[in-house]
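Asks: Have a look at this one.
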Amino acid sequence: IDRTDAQLAVDQAERSLQAELAKWGFKHVPKETEDFSTLPTVVSAKLKADLAQSRLQRLLPLYSAKAVALEDLEQAKSDAKVTESEWN
């Protein structure tokens, strides 16, 4: 194996790792004890899940009063499930 090719592969893997870590707000590989709940992506996902759940709770009585369509309620239910899953 050519040493140059191997070193280029290692360098590329290191850059890929650093790019992924940066997406999550880390400068290094996190430890298992790291608190992930304060990461911007986690906070954002939680806020989106809360918003979707709030919208669903507002639509439920409106649907009972026939003030919104079933399609709107089903979309709100789906949004709440998707955003909850993303947060988890």
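Asks: Against the definition (under 18 Å from the mean Cα position of the chain (by Cα), without any contact (Cβ under 8 Å) to a residue 24 or more places away in the chain and open to solvent by less than 70 Å² (accessible area, probe 1.4 Å)), how does residue 16 come out, yes or no?
Replies: Considered against the rule, which asks whether it is under 18 Å from the mean Cα position of the chain (by Cα), without any contact (Cβ under 8 Å) to a residue 24 or more places away in the chain and open to solvent by less than 70 Å² (accessible area, probe 1.4 Å), residue 16 comes out as no.
For every residue, the table says whether it meets (1) small (Gly, Ala, Ser); (2) open to solvent by 90 Å² or more (accessible area, probe 1.4 Å).
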site	(1), (2)
2	no, no
28	no, yes
41	no, no
54	yes, no
61	no, no
71	no, yes
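The values are calculated or read from the model by the stated rules, or taken from the named source; none is laboratory data. Keep in mind it's a predicted model, so treat the numbers as computed, not measured. Note that each Cβ is placed from the backbone with ideal geometry, even for glycine, and that neighbours are counted across all protein chains shown. Please note that ligands, DNA and RNA were not included when accessible areas were found on the heavy atoms of the full protein model with its side chains. Shrake-Rupley method; radii C 1.70, N 1.55, O 1.52, S 1.80 Å.
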